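A short worksheet on the structure shown next.
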Amino acid sequence: MPEKTTKPNIPQHIAIIMDGNGRWAKQNGKARVFGHKNGVKSVRSVTEGAARAGVKFLTLYAFSTENWNRPKAEVTALMQLLVNTISKETKTLNKNNIRLKAIGDLQSLPGNCYSELQAAMDKTAGNKGMTLVLALSYSSRWEIVDATKKLLNDVKQGRINSEEVNETLFNSYLCTHDIPDPDLLIRTSGEYRISNFLLWQLAYSELYFTPKLWPDFREEDLLEAIDDYNKRERRFGKTSEQLSEEQSAHE
Ligand code: FPP
């Protein structure tokens, strides 16, 4: 009998904690900003690679709520880099049929960053290939508290009844309400932490850690992570036997 070939299972949503820019710059005897600038090359390669592979949502942790506490010069340089990259890359996003979206406390971004972001989101809104989600001024605890405040306000205003609150309803108050949960989370630079990123949404995600620093991480590394993901068995709390039975029933 010919061997049954199985197509690689492409994760619908990949989320990435892009870490190691500072260490990469240090290794190269340069200032931290040099690492961030080279990190943009990885963003480009991974975004195009993910779209080519058929990934539907790619979420990048570009700036956390805690990153505001970095030295002022680094924060300013990062914001400038974001503004420049977003406005420069809009054409490429359109060429690749990629829609741009952002999650986080966007009101706290500098005015020019917010307006460039909004303009890029508007210009790419009709693209249907992949959605690139930038997490900006984002932290999961901020998001959960913000969602709770909005939900409580709706209860107070009588728009919902507290008995109606369940996981689905709570999820609808999160920034990611219109995005499926990540199937795969990648973190670069050899750190084994979640760092306040998508804590609710990562409940059943597969986790992949690589020692590569973000500026060295490219499309081929993404494909390697997808290969690794393909070897995993996602059980969502069930047993292996239950999963095999379900699969046989579908064949
Ligand atoms: C973490 O490395 C990286 C960041 C805080 C910023 C990531 C930003 C980019 C890659 C550039 C812009 C991105 C887009 C989407 C246009 P780190 O500085 O914490 O590195 P370290 O842990 O080695 O110090």
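The values are calculated or read from the model by the stated rules, or taken from the named source; none is laboratory data. Fair warning: this is a prediction, and the values are worked out from it, not measured in the lab. FYI the Cβ positions are ideal-geometry reconstructions off the backbone, even for glycines, and counts take in every protein chain you see. Calculation scope for accessible area: heavy atoms of the full protein, side chains included, ligands and nucleic acids excluded. Shrake-Rupley method; radii C 1.70, N 1.55, O 1.52, S 1.80 Å.
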(message) I'm trying to understand the selection: among the residues of segment 183-209, which are open to solvent by 60 Å² or more (accessible area, probe 1.4 Å) and over 21 Å from Trp24 (Cα atoms)?
(response) Leu199, Trp200, Ala203, Tyr204, Leu207
(request) Mind listing whichever residues of segment 33-43 are more than 6 Å from the ligand (Cβ to nearest atom) and either without any contact (Cβ under 8 Å) to a residue 12 or more places away in the chain or open to solvent by 10 Å² or more (accessible area, probe 1.4 Å) (or both)? (result) Val33, Phe34, Lys37, Asn38, Lys41
(request) For Leu136, work out the one condition from (1) open to solvent by less than 60 Å² (accessible area, probe 1.4 Å); (2) without any contact (Cβ under 8 Å) to a residue 60 or more places away in the chain; (3) in a strand (DSSP E or B) it doesn't fulfil. (result) (2)
(request) Would you mention how many residues in segment 10-19 are within 11 Å of the ligand (Cβ to nearest atom) and open to solvent by 30 Å² or more (accessible area, probe 1.4 Å)? (result) 2
(request) Determine which single condition Gly22 fails, assuming it passes every other condition in (1) of a type in the set (Gly, Ala, Ser); (2) away from the ligand (no atom under 12 Å from the Cβ); (3) free of Cβ contacts under 8 Å to residues at least 60 places away in the same chain; (4) under 18 Å from Arg218 (Cα atoms). (result) (2)
(message) within 12 Å of the ligand (Cβ to nearest atom), closer than 22 Å to Gly126 by Cα, surrounded by 15 or more Cβ atoms within 10 Å (Cβ to Cβ) and free of Cβ contacts under 8 Å to residues at least 40 places away in the same chain: is that true of Val46 in this structure?
(response) no
